[in-house]
1. Give the distance, in whole Å, between the Cα centre of the range 142-178 and the Cα centre of the range 224-242.
2. Based on other C-beta atoms within 10 Å, arrange ARG125, ARG30 from fewest to most.
3. Could you work out [θ]222 nm for the chain from helices alone, using -39500 (n - 2.57) per DSSP H run of at least four and dividing by all its residues? Round to the nearest 500 deg cm²/dmol.
4. Could you state the number of Å between the C-alpha centres of the range 56-70 and the range 342-356?
5. Assuming a ≥ b ≥ c are the square roots of the Cα gyration tensor eigenvalues, decide whether the chain counts as rounded (a/c under 1.5), prolate (otherwise, with a/b larger than b/c) or oblate.
6. Projected onto the charge dipole of the range 218-328 (+1 at Lys/Arg Cβ, -1 at Asp/Glu Cβ, origin at the Cα centre), which of GLY220, LEU328, ALA264 gives the Cα projection farthest towards the positive end?
7. Give me HIS29, HIS203, HIS101, HIS15 ranked fewest to most by other Cβ atoms within 10 Å of their Cβ, as a rough exposure proxy.
8. Measuring from label point to label point, each 7 Å out along Cα→Cβ, what is the VAL45 to GLU370 span in nm?
Amino acid sequence: MNPVSLYFDNAATSHPKPEEVLDAVVHYHRELPASAGRGGYREAVEAGRMLGELRASLARFVGAASPERVIFTLNGTDALNLAIKGFVRAGDHVVTTAYDHNSVLRPLHRLEADGVVTTTCVPPRDDGMIHADDVVAAFRPTTRLVVMSHASNVTGAIAPAEAVGRAARARGIRFLLDAAQSVGRIPVDVEACAVDLLAFPGHKALMGPQGTGVLWIRDGVDLRPLREGGTGSRSDQPYQPEELPDRFEPGAHNGPGLAGLLAAVRWFERAGQDRVFARHRVLSERLFAVLAGIPGAVVPGPASSASRIPIHAAVFPGRDPLEVAVALDRRHDVKVRGGFHCAPLAHRRFDTASAGGAVRFAPGWFTTDEDLARLDAALRDVIG
Ligand SMILES: Cc1ncc(COP(=O)(O)O)c(C=O)c1O
């Protein structure tokens, strides 16, 4: 990408990545010609050690005590599929929200169409927020799982994860938190929020490479694996081992991607999570101010930028969101995403669906105040 391009699509995947992330990917390819856990030679052992260090770092990052329960997945979608399809049983009722992503909604819709589960979807109120009381009101005696996006990928609204997690725990309902957009932008703590299953990608605000994702599984939560195969352990046995992480990680790992993710987590540790989260709060406030200043722009969701992560979608009345996104790219080299953002229910809730969705703006750690000023000028030109 041209270095002067303005990348505002960090909700899809982050760009740029810290240099050390890129170096780690190349270093793995050059120096570790091995599949972790598949051999006793130095490089294979080193690759296995790297995966162990990454599990421990990620567990620390989300306040979890059990690194072996950190499972590597292909992306956020893969983690959510494993959590949902691996957990539910016939007759379960599942509660979810209208802010959820298709990676939650589609597996649930399939299970519902197949007669396995029933679901209730809780909408945000007019203030743009999901309210814990509404989620709790949807619980039934047969509810076994509540799935919730920690922060909307359309409005950036932050969900009441702590209240929902505690209410679910008190009723013996398991809580799956989709931290795809929150991890790396706001604190995520599995103990504070009584989370049982935590799914997140490595390639969004964590700033790791694409092709990385994580599912953390609380001790005592039993999932069926969705894939079986070689694990490099108990290879003479006919069935996949029961031990974690092997039970859920058959097949060769994405070694280069995971090496890059480890470099990303180390980057966070050095930068200081609090400093990064503080910057994201400022980005949310400044982006909100830019959009609010564009004549006619409507920004659905919470009225205060403090209730949002820095992902804000806007509608420009009379303008097609896809056409606005293309014009921003062609005329100003600004990268944004128009449309439905794989979250159709959020757009239906705020009636942006009838307009073809919205234009989503998602700055990242590397976005400067000057970039926001250039976005402002580009929008004023395109929207007119
Ligand atoms: C809220 C939410 N959940 C899940 C996902 C899926 O993550 P991935 O793109 O890594 O599959 C996304 C991706 O945009 C998302 O925004």
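1. 31
2. Fewest-to-most ranking of ARG125, ARG30: ARG30, ARG125.
3. -12000 deg cm²/dmol
4. 36
5. oblate
6. Final value for the positive-end residue is LEU328.
7. With the fewest neighbours first, HIS29, HIS203, HIS101, HIS15 line up as HIS29, HIS15, HIS101, HIS203.
8. Modelled inter-label distance: 4.9 nm.
Quick note: the coordinates plus some simple rules give every number you see, no bench work behind them. This is a predicted model, so every value here is computed, not measured. Backbone-built Cβ (ideal geometry, glycine too); neighbour counts: all protein chains shown.
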